Structure formats: structure tokens, C-alpha cells
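Here's the structure, in C-alpha cells; my notes come after.
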Amino acid sequence: MKLLIVDDEELTREGLIASLDWESLGVEQIFQADDGINALAIARLQKPDIILSDVRMPRMDGIQMVERLESILPDTSVIFMSGYSDKEYLKAAIKLKAVNYVEKPLNPLEIKEAVLEAAQRHEKNLRTRQSENLYSLEKASQLALLLTKPYKENEEEITDLADELSLRLMPGSSFTTYIVKLKTNDPDSTLLHDIRSDFTDYLTHYHLQVFYIQIHAVYHVFHIMGNNLPSPVALSAVESYLKDQFSQLGDFFIGRGDTVTGISKTYHSYTNAVVMLQSSFFFCPGTLLSSDSMEKSAPAPSAFELTESAVPSFKEALLNKDQDTCTQLLNSLYECYFENRIFLPNQVKDIYYKLFICINDSRQVLKLNYDLADGNTEESIIEHLEKCFTYQELHQMLVSKTELFFQNIHSYVPEDSTIFMIKDYISKNYANDALSIKEISDHVFLSASYVCTYFKSQTGQTLNQYLTEYRMEKAMQLLADARYQITDISSKVGYSNGNYFSKSFKKFTGLTPSKYREKMLG
């Protein structure tokens, strides 16, 4: 605990400090002030839990000081000291809810008892305050959630909650909704709590208050309320605060709804902020989007033409091994979509999905091999698309895959067509636990014994070794994703017997599937 001793006599202050074992009373820090004015400054800065104060002092007496402190430190306990038996002072002390009143000359035993009583009162006050704050926080969150829904459907509940929270709703009360979209769905909870708490305090400087709710893990909704329309300075301060604080939690976007008048229109501000965030995918992380910054202009006809022709043009250039045309096309797509306000994220993701498939199809036509670990299956492409927080990430991923495609072409050593057919067939059927050498040999119109001999002579490993290696590499890829159960992974890579899969995996990697997952996921 922190203790502040206020007395205009230095000997009295020093004597008090020396006369008691403060540490045994739970007091860890002691501050001193020689009058009420200095005490106020120290109290604002240090926030003492207990104040031991003289009543009569120059410039500002103890009663005046505590009257000022009530609004700043309502839970701080006060003990008055005085050499006077003035009943009026005593009444004032009781009115201010002083824990105790001790007379000078001071008796250390009385001081000790008074401090212990003050400590108990302080703890009780804090518990009461915390309970009240938790209750208010819960009600404020309920209100914040209801404000994300149509007002007419929830009017009665909203009105009741506003009454419980003692909101001063007036015809001119304004509401502005901000939605912060985080990349992570598991932010540091302590840091997030501090940001919210500090934000509430910060807004009081602008005579604003906030109602907060978290939605779908990554969306943090703040309804900002004021008695009047907020000034541009206030909104700018709000936005700077949100940007500075949420930057600690990783990449984010902010959508700002239009400022509305009246709580019944808050839903409009909220939906407006939601609309703003729909285009955030195409902007740099940390961008704040609002109606002011998102005025749409008519799209150039070439944008739609490019969208229509991108996929066939890209595939043709890939098959023609024309890297320059591919690069020019990708650059044109980036110029078209980056910071665009016309196309929706899903429209563009669908086009990019088709472009990724073009690379896969072209690899097959040109007989270029690739590993599943590189994320080239349709399933893994979709997963990558879902994980991209921004268009820039998505575009760079396609650029990298395209560059790798042409690197493979330049370093390409023609593979025997039979070996290519065998590997291609395995890549499409490895999940089938009944896949056999007989089935593979039938696919390439050769006998099983000849296929085994031929594959070993061309690749240096047996067909069974290759199939097992392929399945194990795919299993390692799936184990690195916590969404998949180990039993499901077993069947996904062609093992109907989970125990046999575990033995095969340990033989291949040296670790059991569960140990491998622990290592990968940290």
C-alpha cells in the first residue's frame, strides 16, 4: 500500500515515519507533503491508498484537500490528526467519511490501529468498486452488442440498459462507431484490457464515453458517444489513439461509421463502418477507412476487361513459357485491384484462385514436378486464400508461385514420360488406402514387375519407398495444422490403420505423429 502523510510540521512527519514498523502494516511506500496544495499534487501522481493528514494547515487545510480528492481518489481512506477538539472539524471529518480521527500529541498505538482500520476500509471500498465496475462493464457490453442490431427490434432493451447505466441521452447526443479488425484472433488479453480501460479514461478529456464489444474474435467494436457532435479534433484524437494502441497487437484495419444523432441511429453508423471494412482487404494494414476517404469513382472499362481476360491470358502465357507477359499481367492486376473501391474481396480471390490453378494445370501439361509441401493442391490454395489478411499478401503469393514456375522451367530436366505418369497418378490417388503397384502399373499399361524395376532404375528408389515418402510428407504438412485430428490425417494420407500409420511415421521421421505435432506447434 501507499501512504501519504500531510502535516506542516516536518518533525511530526519524520516522527510518524520513525515511530512505526510500516512494512508490518502493509505500507510499502510513504510520501510527505507540508500542506493541502502540495498533497493534492502528490496524490494525483502517486494515488495513495491511505492519507494521514493534519486538519489545520496553511494555504489549504485538510478538510478542503479531502473535499477536492473525493472526486479523484474516491477509494482512498483518510485519517485526520489534530491538536484541537473542535467539534465542527470533527463533524466535517465524519461527513467526509474519514476512517478515524486521532488527536495530538499522537499515540503510536492509536495511529497503528487507525491505519489497520483504514486499510480494511480501503480493501472493502476497492472490492465494492470492482463489483460495481464489473456490473457496469457487463451492462455496457450488452448495450454495445444491441447497438449492432436494428434499433426498432431492440428499442425496449436499449432504453432499459441506458437507464441502468444512467446515460444522459439527449436529442443532440451523437454516436460514432469504430470497428477495429485484427489479423490475429487471439490477441494478448491483458494488453487488450489495458487498451480498453485507458481508452475510456482518454475519452473523458473530450467529454466522450465508449461502449465496447468484441465480435467474431477479430472485430473490436467501439461506439463513441457524446452530448454533442464531436469536433474534428476529438475524432482525430480518437483515431490516433486507436492506431497507436492496436499497432501493439499486430496488423489491423479500422472502419469508421458516419457520426449520427440519437441512439436510434447508431445501427446506421455501425453498418456504415462494416461496409468500410469490406474494402480494407485491398489496403495497407493500419489504414482507417471512412465515407470521406472511400468515395467511389466510376471504374475504367479496362478494369472489367482485365478481370474477364486475366485467367485465359495468364494460362496462355504460362504454356508459351512467356515470363514477360505473365509479369506484365500480374503488374496490371495489382494496379487494378490495390486500393480499389469497386471490386469485392471474394471476386478478386476467385480470380486469383483460378490463376493458381492455371499454374498447376500448366505444370502438368509441361510435365513439371512439384511437392505437395509447396502448397499446390486445390485444398491448400483455398487455405492460403483464407489466411491472406490483405490483397498484397495474396498477390505476392501468386507472384512467388509464378517465379518458381519459371525457375522450374529454366532448370527443367525432362523426366521420362512413364515416370511422370506414375508420379502424377500417385499425387492424385495417394489417399486411397487400397492403392497398389498393380493399379499403378495398369495405369501406365505395363506389368507390375517391369514398373518396379523401371522406376528403381530411373529414380534410385523403389515405388513403395516413393509412395511412403509421398504420404509421409503430406502427413507432416497436415500435422503442422492444428485443425486436423491425427486420426483423420491417417486416413487422409492412405492409412486405414492408425497404429500402422504411427509406426510408419515414426520410422520415417524418428518421432510419433503427436510428438512431431508438439514440435511443430511449439
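The values are calculated or read from the model by the stated rules, or taken from the named source; none is laboratory data. Treat the numbers as computed from the prediction; the structure is a model and nothing was measured. Every residue, glycine among them, receives a Cβ derived from its backbone with ideal geometry; neighbour counts consider all protein chains shown.
In the stretch 6-34, what residues are over 21 Å from residue 105 (Cβ atoms) and among the acidic types (Asp, Glu)?
Once the filter is applied, which keeps residues that are over 21 Å from residue 105 (Cβ atoms) and among the acidic types (Asp, Glu), the stretch 6-34 yields 23, 28.
Starting from the stretch 155-179, keep only residues that are farther than 25 Å from residue 292 by Cα, then list their pairs with residues that are among the basic types (Lys, Arg) and at pLDDT below 90 whose Cβ atoms are within a distance under 6 Å, requiring at least 6 positions of separation or different chains.
161/139; 164/139; 165/139
Do we have any residue at all in the stretch 25-32 that's among the acidic types (Asp, Glu) and out of contact with any Gly (no Cβ under 7 Å at 6 or more places or on another chain)? Steps first, answer last, please.
As a first pass, look at the stretch 25-32 and keep what is among the acidic types (Asp, Glu): 28.
Cutting the leftovers down to out of contact with any Gly (no Cβ under 7 Å at 6 or more places or on another chain) gives us 28.
Within the stretch 25-32, one or more residues are among the acidic types (Asp, Glu) and out of contact with any Gly (no Cβ under 7 Å at 6 or more places or on another chain).
Tally the residues that are within 33 Å of the chain's Cα centre (by Cα) and charged (D, E, K, R), restricting the search to the stretch 315-343.
The total comes to 3.
Scan 404, 398, 368 and give me the residue that is modelled with pLDDT under 85, more than 24 Å from the chain's Cα centre (by Cα) and hydrophobic (A, V, I, L, M, F, W, C).
Working: 404 fails: modelled with pLDDT under 85; 398 fails: modelled with pLDDT under 85.
So the residue among 404, 398, 368 that is modelled with pLDDT under 85, more than 24 Å from the chain's Cα centre (by Cα) and hydrophobic (A, V, I, L, M, F, W, C) is 368.
Can you tell me which of 484, 495 is assigned to a loop (DSSP other than H, G, I, E, B), modelled with pLDDT of 90 or more, outside the structural domain of residue 387 (by TED's automatic domain parsing) and among the hydroxyl-bearing types (Ser, Thr, Tyr)?
Only one candidate qualifies: 495.
Is there any pair linking a residue in the stretch 447-463 that is part of a helix (DSSP H, G or I) to one that is among the aromatic types (Phe, Trp, Tyr), with Cβ under 7 Å and at least six apart or on different chains, and which?
459/466; 463/455
Output the residues belonging to the stretch 192-214 that are of a type outside the set (Lys, Arg), within 14 Å of the chain's Cα centre (by Cα) and surrounded by 13 or more Cβ atoms within 10 Å (Cβ to Cβ).
Once the filter is applied, which keeps residues that are of a type outside the set (Lys, Arg), within 14 Å of the chain's Cα centre (by Cα) and surrounded by 13 or more Cβ atoms within 10 Å (Cβ to Cβ), the stretch 192-214 yields 192, 194, 195, 213, 214.
Hey, does the stretch 285-301 have a residue that's more than 29 Å from the chain's Cα centre (by Cα) and farther than 30 Å from residue 239 by Cα?
The answer is yes; a qualifying residue exists.
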